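This report refers to the structure that appears directly beneath it.
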Amino acid sequence: MRRRHERTLRVLIRGYRLLLRAYPREFRARFGGEMIATFRTSACKRLEARGVLAIPGLILHNTRDWCLSVAKEHSDMTRAFRLARWVATLPLAMLASYAVLRLVGLAVSSVVAAAGFRTLSTPPARAIMTMFPVSGMFAMSAAFVGTALIVAPDRKASVARIALAVVGTFGLVFIGDGLLYFAIDPALWGLCVLAGGAAAYLPWRFRSFRRATV
Amino acid sequence: MAHSPLRADELLPLTPPVFHILLALSDGERHGYAIMQAVADDTGGALALGPGTLYGCIKRMLAARLIEESDERPDPALDDERRRYYRLTALGDRVVRAEAKRLSTAVSAARARRLLPKRA
């Protein structure tokens, strides 16, 4: 490349470096070096082919690209923050739904007991089953599915996924019950539900996020 | 190659830059500038990606596991250190095929309605 073009190229790259500062820091840290390398090669080829006449086109093309991509990258960051907020509020939402489900379960089991049906053969003292008979489990299951459908990012959540969510939740609950047989605490109970719900819910959320951002 | 749980059709339709980047990588791994050139060649210059659009798409495609960074550099001696090479993943390959099929169906429909000339 001719000496005069080398100087022009240096100025252009310095200008492009300044433009890069407008991108989010994470994006710049990951792709900034590559972007400069790509810009350098592209500018170099154009200058070699058309000389200084290539400069206005080069500046126009890259400025337009910069305007569009800076806006896009910042909007992606906003979306990532929205996702992070969702993840942060999930435990609270799950705790609230746990409380509601518990009440619904107890109400249903009381009705079932009042109607004269036996709920369960006598379970060991202080186990979860004492607090929450089978009828309550069914009510909780129905309520959990309802909640999952309401909070699911797309309403097309399949039956298999919902079943997985319920099975995951109850699986963890019973594992928790087994482990904490003689020291059951509603808080730990709730943690099991939380873990099951989060395990079922977060993949949905991330899949939807990935799909929306490609 | 790691198995990806996403189905290819869940990501369709693709945006034109994403489709053309995948198309460019279907020949083999390339670095950013080579992708830009391949896209410009494939579209007859109609789609000229700038570095911002290109690396924005690359970032999202990496996150969606459509592409991955290659560890190997074809010729390290001749290459700029900052350059990274990208290649399709198995999911990326399935997605670009599915999108090509979808576009081909659309072209066939346009042909049937005489919006495009019939093939010789």
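Some values worked out for this structure:
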{"item": "Accessible surface buried once B binds A (1.4 Å probe; total of both sides; Å²)", "result": "2600 Å²"}
{"item": "Interface residues, the range A:37-69 - accessible area loss of 10 Å² or more versus chain alone, probe 1.4 Å", "result": "A:Ala37, A:Thr38, A:Arg40, A:Thr41, A:Ser42, A:Lys45, A:His61, A:Asn62, A:Asp65, A:Ser69"}
{"item": "Among the listed pairs B:Lys59/B:Lys118; B:Lys59/B:Lys101; A:Lys45/B:Lys118, those beyond 30 Å (Cα-Cα)", "result": "B:Lys59/B:Lys118; A:Lys45/B:Lys118"}
{"item": "Heavy-atom surface of chain B, accessible at 1.4 Å and reported per residue (Å²)", "result": "55 Å²"}
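The values are calculated or read from the model by the stated rules, or taken from the named source; none is laboratory data. Keep in mind that this is a model prediction, so the values were computed, not measured. Side chains included, ligands, DNA and RNA excluded: accessible areas come from the protein's heavy atoms. Shrake-Rupley method; radii C 1.70, N 1.55, O 1.52, S 1.80 Å.
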